[in-house]
1. Using the Cα gyration tensor of region 9-84, with a ≥ b ≥ c the square roots of its eigenvalues, what is the shape: rounded (a/c below 1.5), prolate (a/b larger than b/c) or oblate (neither)?
2. GNM on the chain, C-alpha springs below 10 Å: top fluctuator among 43, 123, 165?
3. Want the number for residue 206 to residue 61: 0.36 nm per residue separation, take away the alpha-carbon distance, what's left?
4. When the Kirkwood radius is taken over all Cα pairs of region 146-226, what Stokes-Einstein diffusion coefficient follows at 20 °C and 1.002 mPa s, in µm²/s?
5. For the chain, modelled as a GNM with alpha-carbon contacts under 10 angstrom, which of 206, 194, 94 fluctuates the most?
6. Mind grabbing the base-10 log of I(q)/I(0) for the chain at q = 0.12 Å⁻¹? Debye formula, identical points on the C-alpha positions, no solvent, two decimal places.
7. Is it possible to state the helix-based mean residue ellipticity at 222 nm for the chain, with each DSSP H run of 4+ residues giving -39500 (n - 2.57), the sum divided by total residues, to the nearest 500 deg cm²/dmol? What is it?
8. Under 25 °C and 0.890 mPa s, how fast does region 9-140 diffuse according to Stokes-Einstein, given a Kirkwood radius computed over C-alpha pairs? Answer in µm²/s, whole number.
């Protein structure tokens, strides 16, 4: 694996989204519509890899989830780019995308936004085309407890007291037939949000395979063996 560039420290942590605003399609004056706050979002960012899960409470309708690696252009404000290698709508080239990410040349992405600091732990994101505005609140900086590991195309991350898991399902070493994206709390390994499987929320999470099946990704400060997580 080539040595990729890590994201700036300000981006590392667990984030929740306060709102999203969409540009008024009937005008070209840069005016955004009203804030939408009905979607719950957990965005976990390690120095290299990320998992993002989002859904409206109580339903999987219009749910979204993706995972991969993040790069940042140090402009003013910084331009953050999320290079998805996994998606709730499965990507046919997931393995190839991880290969590119491993070489520090992730696949080009249109999922990018300028991150403007409003105050400590509060940022506003706007895309280059100025069609979206999102406000992000950092819940936890990870306290230097960071882990990202991969098993074939599946990804597992720990950011402080929280974890995320992403797998597209089917082949490539995944044990479930359908995509599975979720996030939760390390203390009891309970799932807090799962856009793909509501029935998993509140259940205990365990990692598929064996510990040796998972390989460490750059930017990790923890070892998988240091956690008390169960395997299945």
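Just so you know, all these numbers are worked out from the coordinates, no wet-lab data involved. Quick caveat, the model's predicted, so the values are computed rather than measured. Using ideal geometry, Cβ is built from the backbone for each residue, glycine included, and neighbour counts are taken over all protein chains shown.
1. Numbers: a/c = 2.21, a/b = 1.17, b/c = 1.89.
Judged from the Cα gyration tensor, region 9-84 comes out oblate (a/c at least 1.5, b/c at or above a/b).
2. 123
3. Details: separation 145, 0.36 × 145 = 52.20 nm, distance 2.56 nm.
Going from the current span to full extension adds 49.6 nm.
4. Numbers: Rh = 12.8 Å.
Answer, rounded: 167 µm²/s.
5. Result: 206 has the largest fluctuation of those listed.
6. With no solvent term, the Cα-only Debye profile gives -0.63.
7. Details: 1 runs with 9 residues, N = 232.
Dividing the helical sum by the residues of the chain leaves -1000 deg cm²/dmol.
8. Details: Rh = 15.7 Å.
This corresponds to a translational diffusion coefficient of 157 µm²/s.
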